Amino acid sequence: LDVTLSPNPSLTFRTIGGILDFYLFLGPTPENVVQQYTEAIGRPHMPAYWSLGFQLSRWGYGSLDVLKETVDRMKHYDIPYDVQHFDIDYMERRLDFTYDKVNFAGLPEFMKELKKDGKHNVVILDPFITKDEEPGTYRPYELGQEMGVWVNNSDGVTPAVGQAWPPGDSVFPDYTNPRTVEWWTQLCLEFKDVLDYDGIWIDMNEPSNFMRGQRPGCADNEINNPPYTPSISDRSLAEKTLCPDSKTYLGDHYNTHSLFGWSQTEPTFNVVQQATGKRAFVLSRSTFVGSGKHGGHWLGDNFSQWKDLRRSVVGILEFNLFGIPYIGADICGFNYNTTYELCLRWMQLGSFYPFSRNHNAVGNSEQDPAVFGDAFAKISRATLRIRYSLLPYLYTLFYESHVHGGTVVRSLMHEFTSDQETHGIDTAFLWGPAFMIAPVLEEATRSVTVYFPEAQWFDYYTVLPSAWKKSYATVSAPLNKIPLYIRGGYILPQQAPATTTTESRLNPFGLIIALDEQGQASGSLFWDDGDSIDTIEKENYFLAKYTFSKVSANI
């Protein structure tokens, strides 16, 4: 099947057969459509407060010493930073459920130190297990073999064997099988005693395989080579994954391929809650309809290029439509070396992704916000402190999304649907209804053209009302500034920022009251302990609704 969307507007479905069921969500507003859609597929999960803090990652620290230097740099510049991610280089020879006791000797103790400092740790796990270790030395494989948890070849008996990060050949857990869920749960629980993680990042779960199909190749049949193949890599359904006629618990891989990451996400979410006793953090590369109920997503392996910076705005808007509002792109770019200006502008934009993480690939130069020197660090710190001060507002938006199912980040069109001019704007975006972010998306640019829909808008920095309404304006954006605007008629809760949310949550609160032309404003604040499970369902939270008018205030 392939589906083409054109600006006509039209949708074209090309399919070789099957049944097409159409569900229509009638709105009438775009926000209503997303609410109705998530009512059908599952509301987005409520993230832990700490997961709204800034996060740092890199594939290629190479050793604990290099990571420690990075953490120390961040501390030196007092840059807000809540979460440290550990990519595959923390593992022993890229084997799941291990850590490198040479290059990362002392990792368990270091993770505990980070936690004492108010930070949180996220470890990566991949969905392939090497079968070629010495017998008796690698329990994840042997337990899985014993429990029969792998995706099988077309015979339904022998495990599909491919190649991925670990040495030797790998087999692939079939998460649609309840036995696999037991196996995965057991290993993740045991691993918590080795490395004290707070969240799990599940990668490569398309599933990714470094071959075209498994050994010895895919049979020439109609499932592996259907009469029509969409325009995908090498026009092959098996390219960099498993053969479509492989067997999973729910049927042919041909039918369950898109569900691989989805089926891994819920058991991972459940085991993280079980292991930590707290709200789960799960970040998945592969998603499907309903994935937002149990996890977040990042926009995949992007490049350190200006066009990827720009495209990321489209990506975060789209995933909010998909019911996966916990979304972000790799800040400064994953592949290639970044540049000073690109990375600085990306740190400014990324400070307003719902999921805000700087991540980088092996072999590239370091790009954490503390590595470029004083001026860069100072600007990154200032922008992140704006994010942190507005986290009570962002957290409230996530509460509303979890309960009512709408978007957290939305386009101007969502709020100003009748204004045709907003329909094509994908360079600026809103947090909820009230906070506009208008990033610089082009090199060597010191101004931005911003469209101001029909409303009273206030400059975030000067708190002065803008003169623009239903018009474009070119606004100044020197290197140290990302243009930000507050919409009149809204009250935004805020809190004095700090270097971690552990500290900032103890700070005094405030309200930004931006009046509309009638001199009125309203807003709300959702607050709980930030990481307990099901506080909303158990009604263990505080919810305030604020109204203000020139005549009376209810605050």
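Counting only residues that are in contact with a helix residue (DSSP H, G or I) (Cβ under 7 Å, 6 or more places away or on another chain) and touching a residue at least 60 places away in the same chain (Cβ under 8 Å), how many does the stretch 337-353 have?
Residues meeting the conditions: 7.
Write out, first by first residue and then by second, each pair whose Cβ atoms fall under 8 Å of each other, whose residues are 6+ apart or on separate chains, and whose first residue, in the stretch 117-145, is aromatic (Phe, Trp, Tyr) while the second is part of a helix (DSSP H, G or I).
Pairs that qualify, where the first residue is aromatic (Phe, Trp, Tyr) and the partner is part of a helix (DSSP H, G or I): there are none.
Name the residue, out of 181, 194, 171, 161, that is surrounded by fewer than 20 Cβ atoms within 10 Å (Cβ to Cβ), modelled with pLDDT of 95 or more and over 18 Å from residue 236 (Cβ atoms).
194
If I filter the stretch 318-344 down to residues being open to solvent by 20 Å² or more (accessible area, probe 1.4 Å) and assigned to a helix (DSSP H, G or I), which single residue comes out as nearest to residue 405 (Cα to Cα)?
The extreme case among them is 321.
Consider residue 199 carefully, then state whether it is modelled with pLDDT of 95 or more and either surrounded by 23 or more Cβ atoms within 10 Å (Cβ to Cβ) or of a type in the set (S, T, N, Q) (or both).
Here the answer is yes, as residue 199 does meet what is asked.
Within the stretch 87-134, restricting attention to residues that are under 25 Å from the mean Cα position of the chain (by Cα), acidic (Asp, Glu) and open to solvent by 20 Å² or more (accessible area, probe 1.4 Å), which residue is farthest from residue 204 (Cα to Cα)?
In this case the residue turns out to be 117.
If I filter the stretch 243-254 for residues that are of a type in the set (Gly, Ala, Ser), surrounded by 13 or more Cβ atoms within 10 Å (Cβ to Cβ) and either at pLDDT below 95 or within 13 Å of residue 151 (Cα to Cα) (or both), do I get at least one hit?
yes
Among the residues of the stretch 272-296, which ones are in a helix (DSSP H, G or I), open to solvent by less than 10 Å² (accessible area, probe 1.4 Å) and closer than 26 Å to residue 241 by Cα?
Listed by number, the residues that qualify are 291, 292.
What are the residue pairs meeting all of these: first residue in the stretch 525-550, first residue of a type in the set (D, E, K, R), second residue open to solvent by 70 Å² or more (accessible area, probe 1.4 Å) and in a strand (DSSP E or B), Cβ atoms under 9 Å, and 6 or more apart or on different chains?
These pairs meet every condition: 528/542; 545/554; 550/520.
Just to be sure I understand the filter: pairs with C-beta atoms under 7 Å, separated by 6 or more residues or on different chains, first member in the stretch 222-239 and aliphatic (A, V, I, L, M), second member open to solvent by 20 Å² or more (accessible area, probe 1.4 Å) and part of a loop (DSSP other than H, G, I, E, B). Which pairs pass?
Close Cβ pairs satisfying both conditions: 237/229; 238/218.
Name every residue in the stretch 227-236 that is of a type outside the set (Lys, Arg) and at pLDDT below 95, in order of residue number.
Those that are of a type outside the set (Lys, Arg) and at pLDDT below 95: 227, 228, 229, 230, 231, 232, 233, 234.
Please find, among 490, 460, the residue that is farther than 30 Å from residue 340 by Cβ and either in contact with a Phe, Trp or Tyr (Cβ under 9 Å, 6 or more places away or on another chain) or not basic (Lys, Arg) (or both).
Answer to the check: 490.
If residue 93 meets every condition in (1) charged (D, E, K, R); (2) in contact (Cβ under 8 Å) with a residue 40 or more places away in the chain; (3) closer than 24 Å to residue 285 by Cα; (4) in contact with a helix residue (DSSP H, G or I) (Cβ under 9 Å, 6 or more places away or on another chain) apart from one, which number is that one?
(4)
Name the single residue that is surrounded by the fewest Cβ atoms within 10 Å (Cβ to Cβ) among those in the stretch 345-356 being in contact with a strand residue (DSSP E or B) (Cβ under 8 Å, 6 or more places away or on another chain) and outside any loop (DSSP other than H, G, I, E, B).
349
Exactly one of these conditions fails for residue 187: (1) in contact with a Pro (Cβ under 7 Å, 6 or more places away or on another chain); (2) outside any loop (DSSP other than H, G, I, E, B); (3) crowded, with 21+ Cβ neighbours inside 10 Å. Give me its number.
Just one mismatch for residue 187, condition (3).
The values are calculated or read from the model by the stated rules, or taken from the named source; none is laboratory data. Remember, predicted model here, so these are calculated numbers, not experimental data. Methodologically, a virtual Cβ is constructed for each residue, glycine included, from the backbone with ideal geometry; neighbour enumeration extends over all protein chains shown. Ligands, DNA and RNA are stripped out before the accessible areas are found, and what is left, the full protein with its side chains, is counted by its heavy atoms. Shrake-Rupley method; radii C 1.70, N 1.55, O 1.52, S 1.80 Å.
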